[in-house]
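Undergrad: Next up is a structure, given as structure tokens.
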Amino acid sequence: MSLPCLYECIAHELERVRIAVKNTMQKSRGTPPLWDTMEWQKSKRLIARAIASCLCRTVGCEVYIIDVHGGEPSSGLGGKDIDLVIDCPLHVNTDSVEETVESLVAAMLEDILADNPYRVLGVPNLVELHTSKEYLFEKYLRSGPPYVFRLC
């Protein structure tokens with residue numbers, strides 16, 4: 001897998017959904033806190049699908065979205081950050097991919113929010129990539145919905 005090729009794909013897909021995310025997020029203006037809004041949850045899924053489509057096409061992974069807080073399923077609407085679980089036929093350096101995805105999503109959200117997305121959401125990171133081999137996530141994958149949903 002070529003990281004620059006994956007980076008280019010994700011950048012393109014995020015640009016493709018940027019307007020939809022912006023329009024969705026504008027509906028939540030003045031509704032603090034942002035992560036407690038349905039608009040943020042919709043935006044998370046738009047972003048997650050964009051990332052997943054590239055991981056599936058470029059690397060051949062299966063990608064799932066999961067909402068967790070400290071390793072436990074979230075209650076309520078969902079989590080603040082975007083948690084993705086990947087199951088790939090090839091070895092994927094999740095740290096490198098996560099770093100790439102993080103920088104692209106941060107730049108997009110900073111532009112949309114006109115503010116620091118880390119501060120607005122109160123998170124240390126926006127996107128977390130987990131592998132299906134990690135015990136906790138392997139367990140949730142076996143359990144299926146409502147804990148985890150396959151994106152591709």
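The values are calculated or read from the model by the stated rules, or taken from the named source; none is laboratory data. None of the values given here were measured: they were computed from a predicted structure. Ideal geometry is used to build each Cβ from the backbone, glycine not excepted, and the neighbour counts take in all protein chains shown.
Undergrad: Looking at (1) assigned to a loop (DSSP other than H, G, I, E, B); (2) at pLDDT 90 or above; (3) closer than 24 Å to Pro4 by Cα, which one does Val92 not meet, given that it meets all the others?
TA: For Val92, the failing item is (2).
Undergrad: Here's something else I'd like to know. Name the one entry in Glu128, Glu110, Glu98 that is modelled with pLDDT of 90 or more and part of a strand (DSSP E or B). Talk me through it step by step, then tell me what you get.
TA: Details: Glu110 fails: part of a strand (DSSP E or B); Glu98 fails: part of a strand (DSSP E or B).
Answer to the check: Glu128.
Undergrad: Same structure again: Quick test of your reading of the structure: Ser103 fulfils all but one of (1) modelled with pLDDT under 90; (2) of a type in the set (Ser, Thr, Tyr); (3) surrounded by 11 or more Cβ atoms within 10 Å (Cβ to Cβ). Name the failing condition by number.
TA: (1)
Undergrad: Pull up the stretch 18-35, narrow it to residues that are β-branched (Val, Ile, Thr) and crowded, with 19+ Cβ neighbours inside 10 Å, then point me to the one that is modelled with the lowest pLDDT.
TA: Taking the stretch 18-35 first, the residues β-branched (Val, Ile, Thr) are 19, 21, 24, 31.
From what is left, the residues that are crowded, with 19+ Cβ neighbours inside 10 Å are 21, 24.
Details: Val21: 95, Thr24: 90.
Per the stated criteria, the residue is Thr24.
Undergrad: What pairs can you find where one residue is in the stretch 6-19 and over 14 Å from Glu99 (Cβ atoms) and assigned to a helix (DSSP H, G or I), the other is modelled with pLDDT under 95 and of a type in the set (Ser, Thr, Tyr), and their Cβ atoms are less than 6 Å apart, with a gap of 6+ or different chains?
TA: Between residues of the stretch 6-19 that are over 14 Å from Glu99 (Cβ atoms) and assigned to a helix (DSSP H, G or I) and residues that are modelled with pLDDT under 95 and of a type in the set (Ser, Thr, Tyr), the close pairs are Cys9/Thr58.
Undergrad: Name the one entry in Ile86, Ile65 that is of a type in the set (Val, Ile, Thr), within 19 Å of Val17 (Cα to Cα), outside any loop (DSSP other than H, G, I, E, B) and modelled with pLDDT of 90 or more. Step through it out loud before you land on a result.
TA: Working: Ile86 fails: within 19 Å of Val17 (Cα to Cα).
The conditions single out Ile65.
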